[in-house]
Amino acid sequence: MAFQRSAQTLVTKKKCIPELARKYPWTRPQGDETGISIYNFYTRSKLPLILSTEGNLKWYVCGPTVYAEPHVGHACSFVRFDVIRRILMNVFDINVVFMMNFTNVDDKIIDKAKKVGQTTEQVSSHYESTFLKNMQQLNVLRPTVVHRVSDNVQNVIEFIERLVESGHAYVTGQGSVFFHCDSYEGYGSLSRMKVLPSEKTMFDDQKMKPQDFLLWKPHKVGELFWDSPWGQGRPGWHIGCSALASKVFGGKIDIHSGGGDLKFPHHENELAQSNCYHHTNQWVNYWIHSGLVHREGDSEKMSKSRGNIITIPELLEKYTSNQFRMFCLLKPYAMEVEYGENAMKKPVQILNKLTSHRAVAQSYIHGEGPSVDVSNDVLMQHLAFTQKIVRSALADNFDTQQMISALMSLVQVCNRELSKPSNKNIIKAREVYSVAAITSYIDKLMSQLGFNFISKLESHADSANSSQSLEDIINSVTHFRERVRSFALGGDAANATDEEKSLIRVHRDSHSALLDSSDQLRDKLAATAGIIIKDAEEGPSTWHMIEKTSDGPSARE
């Protein structure tokens with residue numbers, strides 16, 4: 001079914017087809033109600049999340065084409081999906097089977113291998129390992145199932161064979177196999193876009209229609225290949241995802257996700273060929289996409305082909321994985337975002353406030369600091385209100401922005417209670433339950449969302465072999481500094497010995513040097529180690545640790 005190629009260049013354009021959405025409406029699944037609403041790109045609306053199997057969710061995500069280093073755009077997409085996955089598992093107790101593919105057979109990989117003088121296997125294996133390492137550094141959970149196209153070519157061939165047999169694909173004289181888009185009336189129903197010929201365009205000499213897409217590509221000298229009923233060759237791009245996902249999940253997937261740039265043509269083509277293969281109109285119940293990432297001041301999306309990327313090691317040289325995860329939570333997951341120093345200021349500040357609050361609360365719980373009579377009733381009421389708001393927000397299309405807002409309001413209320421003037425006349429033992437409950441809730445929630453919200457101190461203490469832990473050392477330094485400051489300020493004069501009182505009177509004019517040195521030590525610890533010492537008007541000095549960025553003290557609140 002070949003056509004003569006015109007001398008004119010093939011030009012295509014995309015046309016919006018809104019009526020396709022009405023012709024092929026979404027069908028409400030039969031299954032397990034979760035109480036969660038999720039934005040479904042297919043319908044352009046929020047819908048109830050219903051699982052095809054009670055308590056279990058089938059999720060497929062398009063993995064990377066492994067020919068170059070992952071960048072911040074990949075990081076943002078996979079961290080966002082990781083957060084949603086953790087919410088489903090940890091907050092709503094759903095067992096998520098999360099599958100990802102690696103596209104390790106592709107023109108870009110072949111071109112890269114030729115450029116660097118390696119085999120395609122060497123190139124793809126290297127960048128696959130790099131991707132997995134980077135995801136681990138970002139604390140992204142490993143997929144439940146990982147497949148590679150090269151390991152499943154026979155599944156791809158069998159998938160294509162069925163499409164050819166059913167008339168949804170055709171073979172050309174050159175050994176190519178194309179999907180026949182006109183054979184499927186629903187083509188374009190996901191993206192509501194179709195590729196149509198312009199007035200000056202003639203059909204490609206191998207295609208029946210310009211929107212038809214490649215399923216099997218004939219072998220070229222110097223490229224890897226497999227034997228098939230149509231001759232030696234290799235899979236096209238779109239077919240790998242459909243064949244691999246169908247191998248694991250069969251004819252029904254609950255959630256299918258990917259970056260926003262995959263909506264058309266990749267996901268449209270996936271849906272068309274999979275619906276035809278499985279004889280269904282709804283292979284996927286819910287399509288979700290993460291918003292694209294731009295560098296600050298750059299209107300183009302971050303991509304390898306444009307050369308405007310920031311690699312994940314470059315990201316982690318400047319910020320921590322926790323800070324970047326917070327960045328991802330502060331906007332809806334489907335929203336496009338700008339990444340840069342200005343955009344990272346807020347997530348850094350929020351994490352520092354949470355860390356500072358945790359340190360002050362822990363001091364209060366352990367009986368340190370000034371005596372404050374907090375209102376347990378007020379705090380417990382705010383905790384209950386926050387728990388309700390957080391769960392409601394996460395059930396509403398995983399609204400982490402609203403969740404963080406509610407959490408910071410709780411921290412503000414708790415800090416206000418802990419900042420009350422101290423009362424030296426308090427005789428009764430302080431009631432710490434409400435503060436402990438809030439601290440425990442925040443710790444648990446942050447952990448559920450994938451934050452390593454354990455302090456550097458606790459992490460060190462777990463692994464330290466020395467007899468004196470880091471905590472003991474910092475406590476000793478803080479106590480020594482406190483004594484020096486108290487002496488310089490004359491704070492201990494009333495309880496000092498006669499000899500100490502004499503020294504205070506004689507050397508009072510030189511005490512400013514001690515105070516300056518004390519301040520310099522405090523600033524040095526903050527800048528180099530992220531140790532924040534806070535001096536109190538009454539009671540001992542306290543300290544806590546923050547996640548330090550490469551900007552040093554300027555990153556602190």
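The values are calculated or read from the model by the stated rules, or taken from the named source; none is laboratory data. Treat the numbers as computed from the prediction; the structure is a model and nothing was measured. Note: ideal-geometry Cβ built from the backbone for every residue, glycine included; neighbour counts use all protein chains shown. The area values use the complete protein model at the heavy-atom level, side chains included, leaving out ligands, DNA and RNA. Shrake-Rupley method; radii C 1.70, N 1.55, O 1.52, S 1.80 Å.
Quick look at the numbers
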quantity	calculated
Integer Hz, Karplus 6.51/-1.76/1.60 couplings in order for segment 107-120, x for Gly and Pro	4, 5, 5, 4, 5, 5, 4, 5, 5, 9, x, 10, 7, 4
Of K112/K301; K318/K353; K247/K301, pairs whose Cα-Cα distance is over 24 Å	K247/K301
Reciprocal mean inverse distance between Cα atoms of segment 279-365 - Kirkwood radius, Å	15.6 Å
Cα-Cα over 29 Å, subset of K58/K263; K58/K115; K23/K209; K114/K331; K46/K252; K114/K252	K58/K115; K114/K331; K114/K252
Evaluated over segment 230-375, the Cα radius of gyration and Dmax, each in Å	22.9, 82
Listed peptides 207-216, 371-380, 73-82, 91-100 by packing density, highest first (mean Cβ within 10 Å)	73-82, 207-216, 91-100, 371-380
5 angstrom amide H check on A169, placed H, neighbours 5+ away	V164, H180
Tail weight of P(r) past 17 Å, computed on alpha-carbon pairs of segment 309-432, percent	65 percent
Accessible surface of segment 11-166, 1.4 Å probe, proportion on carbon and sulfur as whole %	46 percent
Built amide H within the under 5 Å cut-off of D399, gap 5+	L394
Accessible carbon and sulfur surface of segment 316-453 relative to its total accessible area, %, 1.4 Å	49 percent
For peptides 120-126, 352-358, 131-137, sequence by mean Cβ density within 10 Å, most packed first	352-358, 120-126, 131-137
Calculated from backbone phi, Karplus (6.51, -1.76, 1.60) coupling profile of segment 171-183 in Hz, x at Gly/Pro	9, 9, x, 8, x, 7, 10, 10, 6, 8, 4, 5, 6
3J(HN,Hα) from dihedral phi, segment 73-85, Karplus parametrisation 6.51/-1.76/1.60, rounded to Hz, x for glycine, proline	x, 4, 4, 5, 4, 6, 5, 4, 5, 5, 5, 4, 4
Reciprocal of mean inverse Cα separation for segment 40-139 (Kirkwood radius, Å)	15.6 Å
Per residue accessible area of segment 99-233, 1.4 Å probe, in Å²	47 Å²
